[in-house]
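Here the structure comes first, spelled out in structure tokens, and everything after it is commentary.
Bear in mind these aren't lab numbers, they're just calculated from the coordinates by the rules spelled out. If you're wondering where the values come from, they're calculated on a predicted model, not measured in any experiment. Cβ sites come from the backbone with ideal geometry, for glycine too, and all protein chains shown count toward neighbours.
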Amino acid sequence: MSTVSDLALSRLPDGLSARRPLLWLNPAYEPEAGPGLEPDPVVAKARYARCAGLLARVFPELSDLGGRLVSPLVSIDRLRDTLHSSGTSGFWFLKRDDSLPVAGSVKARGGFHEILALVEQIATEHGLLQADTDRSVLAEPAARALFGRYTISVGSTGNLGLAIGLIGAGLGFRAVVHMSADAKKWKKQRLRDHGIEVVEHVGDYAAAVAAGRSIAQADPYGYFVDDEKSLPLFLGYAAAARELQAQLQIAGRPVDADHPLFVYLPCGVGGAPGGILHGLKRLWGADVHGFFAEPVASPCMLTQLAVGCETPVSVYDVGLDNRTEADGLAVAQASPLVAPLMARVLSGAFTVDDDTLFRDARRLEDVEGIYVEPSAAAGLRGPGWVLDSPQGREYLRRHGLDRVLSQATHVIWSTGGSLVPESVRAEFRARG
């Protein structure tokens, strides 16, 4: 039974429980919140820099990139003109974490960082690493033998599991992914094809996470990557902000009061979009406007922020069933770490039904030649909600943005898709 008060539930937007696509604006949003926000992702940025040689050695795909985990930022003007032909549309870009090397999803940003933090800790404790030691030594047989004593595990619907499993196995760990029994079969097979153990559990994503956490806690050599509560994951995602900053500079797109930045991020439990937005707000404060995209059946972050972070709430508490084809976003309860961090910095959230996800993924491929999995297409409706809906226009007016829309930059974050098998892609295309 829900412990959420009727008063708290009354703050939910009309239509949410009826699975109606909608835009919710965060009443607690503080535009000036940003610079000085804690925690500081400089820790993750520094770790990625000193471990670049190690990553290049473990993953040949990263050798030409100098061990950097980066994805392209591409203009999608043709899609913009298809979806929104007004002269106030601004400049549209797709941040292509669907094509991140090695793991093919945004989850690599957080997952790789957390495991790098772990290996530095273990190697330091066992005398293999000093502060100034070249991290490439962590690929040597002595380090791999040490890491081989440990099991790293994670609860995942697939993409985080693959990221954790690939870097874990690459460094010599035993890697285990806990998944719900009804998770996509092709994702389970993809994990197994990479030598990653899959343990299936009855129940949803949260049940798999709880089971995996319990098993790891009972193992003295077990380490659990906790997607719901992990600060290292969050900081790994936040480090992406500097990457986007450099890419916008190359594209000639400033970010300031006359050139606002709107970012649209698919949201599951909240770690990846929350971390990215946290990093962006630290850089640009009031000049960046972040919106999360969630399935109509699983708007866990919207629900938590709308009722307030004092009491945990799930989508089940508001009459939703958390059943969506966007399995990477099928999360019933938002991260208790991330939700409070988003309370003042998230501009709003919008919901998307499954049919729209498939249609938009197909439209992106038809118009721009870019394939993403349906859940990664969740953000594509964001500019339309902001520019065309009554709530969106009110947001623009309230913050003085209506006068500068023609010079605004819209970045839609694509979160995964490059590793989807071709047979599954064909099914997705047909539905789209």
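Past 31 Å, Cα to Cα, is the threshold; run K45/K185; K184/K229; K95/K187; K188/K281; K45/K184; K187/K281 against it and keep the listed order. Exceeds cut-off: K45/K185; K188/K281; K45/K184; K187/K281. Its Cα centre serving as origin, the chain has a Cβ charge dipole (Lys and Arg +1, Asp and Glu -1) of approximately 480 debye.
Put a plus charge on the Cβ of each Lys and Arg, a minus charge on the Cβ of each Asp and Glu, and nothing anywhere else: the dipole of the range 107-233 about its Cα centre is then about 460 debye. A DSSP coil position with no more than 12 other Cβ atoms inside 10 Å describes the following GluC sites (Glu not before Pro) in the range 25-119: E32. Coupling constants for the range 72-79 follow from the phi torsions by the Karplus curve (6.51 cos²θ - 1.76 cosθ + 1.60, θ = phi - 60°), and in residue order they are x, 10, 10, 6, 10, 5, 5, 5 Hz; glycine and proline get x. Summed over qualifying helices (DSSP H, 4 residues or more, each -39500 (n - 2.57)) and divided by its residue number, the chain shows a 222 nm mean residue ellipticity of -12000 deg cm²/dmol.
In the range 107-233 the Cα-Cα distances spread across 10 Å bins starting at 0 as 14, 46, 31, 9, 1 percent of all pairs. Arranged from fewest to most other beta-carbon atoms within 10 Å of their beta carbon, T124, T351, T303 become T124, T351, T303.
Divided by 2.2 N^0.38 Å, where N counts the residues, the Cα radius of gyration of the range 1-145 comes to 1.53. Across all directions, the shadow cast by the convex hull of the range 284-324 built on its C-alpha atoms averages 3.7 square nanometres.
Between the listed residues A183, T133, F112, the Cα displaced farthest toward the positive end of the dipole of the range 107-233, a dipole computed from Cβ unit charges relative to the Cα centre, is found at A183. Beta bridges from DSSP with both residues in the range 163-290: antiparallel share about 10 percent, rounded to the nearest 5. Rg and Dmax, both from the Cα atoms of the chain and both in Å, are 20.7, 62. If you take all other residues with their beta carbon under 14 Å from the beta carbon of G168, and give Lys and Arg +1 and Asp and Glu -1, the sum is +2.
Within the range 168-276, which chymotrypsin sites (Phe, Trp or Tyr not before Pro) sit in a loop by DSSP and count at most 15 neighbouring Cβ atoms inside 10 Å? Qualifying residues, ordered by number: Y221.
Put the Cα centre of the range 409-432 next to the Cα centre of the range 254-333 and the gap is 20 Å. For the chain, averaging the sequence separation of C-alpha pairs within contact (under 8 Å, six or more residues apart) and dividing by the residue count gives a relative contact order of 23 percent. Our summary gives the range 107-233 a relative contact order of 28 percent, counting only alpha carbon pairs under 8 angstrom and 6 or more residues apart.
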